[in-house]
Amino acid sequence: MGFTERARRVRDGQLAHGRRVAALCSCVGLYHPIGHRATLSFLGEVAGPYQHHESALLRALEALEASRAVWREEVASYINARVKQKRLGRRVPSPGDPPPSRMGGHWYASTPDVSRRAALHALKLWERDQRPDSANPEVRSIVRGCIATGGRLTDEQLDIVSRRRTLDEPEEVRWPITLVVSARGVVRA
């Protein structure tokens with residue numbers, strides 16, 4: 001069963017509310033731009049307590065579908081651009097040109113403020129869940145600064161983020177750095 005069928009179940013007023021919430025969670029299982037748990041949590045922030053109220057559940061689904069629609073447009077645009085590049089002989093995309101099908105760390109939205117809020121929300125969850133000794137201190141410092149300033153970073157922090165993004169870092173470093181970039185409102189790269 002695909003995303004559209006699961007979304008139909010969320011809207012189905014004949015189903016028990018718990019099954020509709022489960023259907024929303026299944027939708028998030030298929031499309032989770034800032035991670036599964038962070039996406040569900042952000043939907044709760046945007047829409048209200050969807051686990052208990054039908055109107056909030058429908059708002060949450062609407063927000064998720066809106067993000068997915070923007071993501072799908074970006075994927076289609078990327079595919080079209082790659083086809084044109086290949087016709088011109090450029091067979092390999094540049095390293096700074098990853099496909100939007102590799103989602104993660106960016107809430108796709110028509111307004112940058114929603115993307116920034118989603119990234120900051122996910123960063124707060126990441127920061128809260130880290131053990132004091134588990135995260136790279138430099139990355140943790142940047143995450144804290146990003147959260148404290150609502151996504152605004154100093155030039156020094158921007159240099160660190162740029163350097164970290166070019167390195168082949170483990171996922172526990174790549175993920176928060178990607179979120180920091182999204183929180184700044186910078187186009188993903």
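Odds and ends about this structure:
- Residue within segment 70-84 that is touching a residue at least 24 places away in the same chain (Cβ under 8 Å) and out of contact with any Pro (no Cβ under 7 Å at 6 or more places or on another chain) present: yes
- Residue ID - modelled with the lowest pLDDT, chosen from residues in segment 130-155 that are exposed (fewer than 11 other Cβ atoms within 10 Å of the Cβ) and of a type in the set (Asp, Glu): 133
- Of the residues making up segment 43-57, those that are open to solvent by 60 Å² or more (accessible area, probe 1.4 Å), of a type outside the set (Ser, Thr, Tyr) and more than 18 Å from residue 120 (Cβ to Cβ) number 5.
- The set of residues in segment 77-106 being hydrophobic (A, V, I, L, M, F, W, C) and either modelled with pLDDT of 90 or more or open to solvent by 50 Å² or more (accessible area, probe 1.4 Å) (or both) consists of 79, 83, 88, 92, 103.
- Restricting attention to segment 8-32 and to residues that are touching a helix residue (DSSP H, G or I) at 6+ places or on another chain (Cβ under 6 Å) and closer than 30 Å to residue 181 by Cα, the residue that is most open to solvent (accessible area, probe 1.4 Å) turns out to be 30.
- Subset of segment 33-42 (residues that are open to solvent by 20 Å² or more (accessible area, probe 1.4 Å) and either more than 21 Å from residue 179 (Cβ to Cβ) or hydrophobic (A, V, I, L, M, F, W, C) (or both)): 40
The values are calculated or read from the model by the stated rules, or taken from the named source; none is laboratory data. All values reported here derive from a predicted model rather than from experimental measurement. Virtual Cβ from ideal backbone geometry, glycine too; neighbours counted across all protein chains shown. Each accessible area value is taken on the protein alone, full model and side chains, heavy atoms only, with ligands, DNA and RNA left out. Shrake-Rupley method; radii C 1.70, N 1.55, O 1.52, S 1.80 Å.
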